[in-house]
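Peer 1: Could you have a look at this structure, given as structure tokens, before my questions?
The values are calculated or read from the model by the stated rules, or taken from the named source; none is laboratory data. In this text, all values refer to a predicted model and were calculated from it rather than measured experimentally. We place every Cβ from the backbone using ideal geometry, glycine too, and count neighbours over all the protein chains shown.
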Amino acid sequence: MKVLVLNCGSSSLKYQLFDMTSEKVLAKGLVERIGIDGSRVKHEKTGIEPLKFDIPIPNHKVGIKVVLDTLLDGDQGVIRGLDELRAVGHRVVHGGEKFARSVIVTPEVLEVIEECVPLAPLHNPANLMGIKAMMEVLPYVPQVAVFDTAFHQTMPDYAYIYGLPFHYYEKQRVRRYGFHGTSHFYVAYRAAEMLEKPIEDLKIVTCHLGNGSSISAVRGGRSIDTSLGFGTVPGVLMGTRCGDIDPTVILYLMEQDGIDPKSMSHIIHKESGLQGISGISSDLRDVEEAAAEGNDRARLALDILCYGIRKHVCAYAGAMGGIDAIVFTAGIGENSTTVRKMVCQGLEFLGAKINLERNNVRGKEAFINEPDSRVSIMVVPTNEELVIARDTRELAIG
Ligand code: ADP
């Protein structure tokens, strides 16, 4: 039983083909520069050398056809006929307040995803394009939408309503939505399995730390708070996004320097964060290297990042009335021994003691706490595609 998982960006498309009996990835790949000169495909059949080729790809529909042809290819392919594809799962960034779980795509679902475009103007249109193209190419195959926002729909109102005049929520749905929900869900449930405890009994802080980052409080398997909000800027420092700042700073700069909304948006999304503070790079590896060589702004960027994460962990322990586990995931969380060490040093009062030897691990599941630590500290590589594939199987195949 095979399920294809698709993640469409405005000019790119990532895919993974799962065999859902074994939950193994049979092939995965990436189509880049869709609609731009120099389109290229990278396809990797599990176990053999990746295949890379250039081919003109004017739109997502052509991109999807190229992916399907490659999946059918004699040498590189993993299926013999398209009828082997039982369902397609799509990552969709924003489901607004309408979707608290994954759904089979229907015309009504497409309408709601469209309605959510103003909330995620860069992502939802690309996700929609991918779904529609797939529906045209494979009209008889069920499509499932899995939303980044869905897991956080369990937050209580006092966690998601901002202190603005209430009509902004009532009329325009301005509220905290949160993102990376599929990742927080996966690592929290996987952590419970690793702890061999029912998720219902656990209070977990999940730290998804990548180019974009968010921290979530997961109590009893439900998200009760998360650091991203209406948009993808708040919370901890990110690669190029500023994280929490006083909103009056934005007004002040716009007024004083005559900055227009578009430029201001560029500053807080693309020029800030690790990049803005260090002046070196948005990539943590470069920042860590420079800090180790004595660059003081790189040191500062690293300190701000880790201090922010530590503050969120403590705040969410308070929000949940306790904490059983801290889980690190995504590029930084899975790989940076430095960030994990800096975040956890100072959390001993919470009952979280990191073991520096065990912390010396990258990209695999591990407990990195001292044996007598009351709070488990864990590394759990995320797997959003597997969640999408599982939801797709459950909804579309049963
Ligand atoms: P995205 O949000 O784009 O999916 P990722 O989850 O891939 O991002 O995370 C990218 C971040 O992970 C980058 O800042 C990168 O520097 C960091 N990272 C990856 N590997 C390492 C490593 N070995 N040590 C430190 N940071 C790392």
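Peer 1: For segment 216-233, name all the residues that are of a type outside the set (S, T, N, Q) and away from the ligand (no atom under 16 Å from the Cβ). Lay out the reasoning, then the answer.
Peer 2: Looking only at segment 216-233, we keep the residues that are of a type outside the set (S, T, N, Q), and these are 217-222, 224-225, 228-231, 233.
Result: 217, 218, 219, 220, 221, 222, 224, 225, 229, 230.
Peer 1: Here's another thing I want to ask about it. Within the set of pairs 6+ apart or on separate chains, which have a first residue in segment 181-203 that is over 14 Å from residue 330 (Cα atoms) and touching a residue at least 24 places away in the same chain (Cβ under 8 Å), a second that is part of a loop (DSSP other than H, G, I, E, B) and of a type in the set (D, E, K, R), and C-beta atoms under 7 Å apart?
Peer 2: 194/365; 202/324; 203/324
Peer 1: Is it true that residue 385 is among the acidic types (Asp, Glu) and either closer than 23 Å to residue 218 by Cβ or modelled with pLDDT under 95 (or both)?
Peer 2: Values: among the acidic types (Asp, Glu): yes; either closer than 23 Å to residue 218 by Cβ or modelled with pLDDT under 95 (or both): yes.
In short, yes.
Peer 1: Quick one: is residue 314 away from the ligand (no atom under 16 Å from the Cβ) and either among the basic types (Lys, Arg) or within 30 Å of residue 159 (Cα to Cα) (or both)? Quick ask: steps written out before the conclusion?
Peer 2: Working: away from the ligand (no atom under 16 Å from the Cβ): yes; either among the basic types (Lys, Arg) or within 30 Å of residue 159 (Cα to Cα) (or both): yes.
Spelling it out, residue 314 is indeed away from the ligand (no atom under 16 Å from the Cβ) and either among the basic types (Lys, Arg) or within 30 Å of residue 159 (Cα to Cα) (or both).
Peer 1: Scanning for something under 21 Å from the mean Cα position of the chain (by Cα), under 23 Å from residue 368 (Cα atoms), among the aliphatic types (A, V, I, L, M) and away from the ligand (no atom under 12 Å from the Cβ), does segment 277-287 turn up at least one residue?
Peer 2: No, segment 277-287 contains no residue that is under 21 Å from the mean Cα position of the chain (by Cα), under 23 Å from residue 368 (Cα atoms), among the aliphatic types (A, V, I, L, M) and away from the ligand (no atom under 12 Å from the Cβ).
Peer 1: Could you check segment 66-90 and list, in sequence order, the residues that are closer than 21 Å to residue 384 by Cα and at pLDDT below 95?
Peer 2: None; the set is empty.
Peer 1: Let me ask something else about it. Might you check whether a residue that is of a type in the set (A, V, I, L, M, F, W, C) and not in a loop (DSSP other than H, G, I, E, B) occurs anywhere in segment 159-181? Please lay out each step first, then the result.
Peer 2: Of the residues in segment 159-181, the ones of a type in the set (A, V, I, L, M, F, W, C) are 159, 161, 164, 166, 174, 179.
Add one more test, that the residue is not in a loop (DSSP other than H, G, I, E, B), and what stays is 159.
Checked against the condition, which is being of a type in the set (A, V, I, L, M, F, W, C) and not in a loop (DSSP other than H, G, I, E, B), segment 159-181 yields at least one hit.
Peer 1: If I filter segment 31-65 down to residues being outside any loop (DSSP other than H, G, I, E, B) and among the β-branched types (Val, Ile, Thr), which single residue comes out as farthest from residue 128 (Cα to Cα)? Spell out the reasoning first.
Peer 2: Step one: of segment 31-65, the residues outside any loop (DSSP other than H, G, I, E, B) are 31-32, 40-45, 51-54, 60-65.
Next, from what is left, pick out any that are among the β-branched types (Val, Ile, Thr): 31, 41, 62, 64.
Numbers: 31: 17, 41: 21, 62: 15, 64: 13 Å.
Restricting to residues being outside any loop (DSSP other than H, G, I, E, B) and among the β-branched types (Val, Ile, Thr), the top hit is 41.
Peer 1: Give the residue that is nearest to the ligand (Cβ to nearest atom), with candidates limited to residues of segment 347-356 that are exposed (fewer than 15 other Cβ atoms within 10 Å of the Cβ) and closer than 25 Å to residue 197 by Cβ.
Peer 2: In the first step, residues of segment 347-356 are kept if they are exposed (fewer than 15 other Cβ atoms within 10 Å of the Cβ); the result is 348-349, 356.
With the extra rule that they be closer than 25 Å to residue 197 by Cβ, the set shrinks to 348-349.
Details: 348: 24, 349: 27 Å.
Taking the candidates together, the pick is 348.
Peer 1: Taking segment 104-121 as the search range and keeping residues that are loosely packed, with under 15 Cβ neighbours inside 10 Å and assigned to a loop (DSSP other than H, G, I, E, B), which one is modelled with the highest pLDDT?
Peer 2: 106
Peer 1: Can you find a residue that is in contact with a strand residue (DSSP E or B) (Cβ under 6 Å, 6 or more places away or on another chain), under 20 Å from residue 158 (Cα atoms) and at pLDDT 95 or above anywhere in segment 229-243?
Peer 2: Initial filter on segment 229-243 (in contact with a strand residue (DSSP E or B) (Cβ under 6 Å, 6 or more places away or on another chain)): 235-236, 238.
Add one more test, that the residue is under 20 Å from residue 158 (Cα atoms), and what stays is 235.
Within this subset, residues satisfying the condition of being at pLDDT 95 or above are 235.
There is at least one residue in segment 229-243 that is in contact with a strand residue (DSSP E or B) (Cβ under 6 Å, 6 or more places away or on another chain), under 20 Å from residue 158 (Cα atoms) and at pLDDT 95 or above.
Peer 1: Only one residue in 274, 284 is among the aliphatic types (A, V, I, L, M) and under 26 Å from residue 188 (Cα atoms), so which one is that? Explain how you work it out, then say what you get.
Peer 2: Details: 274 fails: under 26 Å from residue 188 (Cα atoms).
That would be 284, the only listed residue that is among the aliphatic types (A, V, I, L, M) and under 26 Å from residue 188 (Cα atoms).
Peer 1: Only residues that are assigned to a helix (DSSP H, G or I) and either under 25 Å from the mean Cα position of the chain (by Cα) or among the small types (Gly, Ala, Ser) (or both): list them for segment 241-260, please.
Peer 2: In the first step, residues of segment 241-260 are kept if they are assigned to a helix (DSSP H, G or I); the result is 247-257.
Correct list: 247 only.
Peer 1: If we keep just the residues of segment 191-215 that are within 16 Å of the ligand (Cβ to nearest atom) and either assigned to a helix (DSSP H, G or I) or among the β-branched types (Val, Ile, Thr) (or both), which is nearest to residue 230 (Cα to Cα)? Write out each step before concluding.
Peer 2: Our first condition is that a residue be within 16 Å of the ligand (Cβ to nearest atom); within segment 191-215, this holds for 206-215.
Adding the requirement that they be either assigned to a helix (DSSP H, G or I) or among the β-branched types (Val, Ile, Thr) (or both) leaves 206, 215.
Values: 206: 19, 215: 15 Å.
Looking at the filtered set, the residue picked out is 215.
Peer 1: Any residue in segment 318-346 that's more than 16 Å from the ligand (Cβ to nearest atom): show its pairings with residues that are polar (S, T, N, Q) at Cβ separation under 6 Å, as long as the two are six or more apart or on different chains.
Peer 2: Short answer, once both residue conditions are applied: 325/376.
Peer 1: Check 361, 375 and return the single one that is hydrophobic (A, V, I, L, M, F, W, C), modelled with pLDDT of 95 or more, within 16 Å of the ligand (Cβ to nearest atom) and touching a helix residue (DSSP H, G or I) at 6+ places or on another chain (Cβ under 8 Å). Show your work before the answer.
Peer 2: Details: 375 fails: within 16 Å of the ligand (Cβ to nearest atom).
Going through 361, 375 in turn, just one is hydrophobic (A, V, I, L, M, F, W, C), modelled with pLDDT of 95 or more, within 16 Å of the ligand (Cβ to nearest atom) and touching a helix residue (DSSP H, G or I) at 6+ places or on another chain (Cβ under 8 Å): 361.
Peer 1: Anything in segment 122-139 that is over 10 Å from residue 61 (Cα atoms) and assigned to a helix (DSSP H, G or I)? List them, or say none.
Peer 2: Across segment 122-139, the qualifying residues are 124, 125, 126, 127, 128.
Peer 1: Filter segment 292-343 down to residues that are under 17 Å from residue 203 (Cα atoms), hydrophobic (A, V, I, L, M, F, W, C) and more than 19 Å from the chain's Cα centre (by Cα) and give me whichever is surrounded by the fewest Cβ atoms within 10 Å (Cβ to Cβ).
Peer 2: Once the filter is applied, the top-ranked residue is 315.
Peer 1: If I go through segment 140-158 residue by residue, how many of them are part of a loop (DSSP other than H, G, I, E, B) and of a type in the set (Val, Ile, Thr)?
Peer 2: Just the residues of segment 140-158 that are part of a loop (DSSP other than H, G, I, E, B), to begin with: 140-142, 148-149, 155-156.
Checking which are of a type in the set (Val, Ile, Thr) leaves us with 141, 149.
Count: 2.
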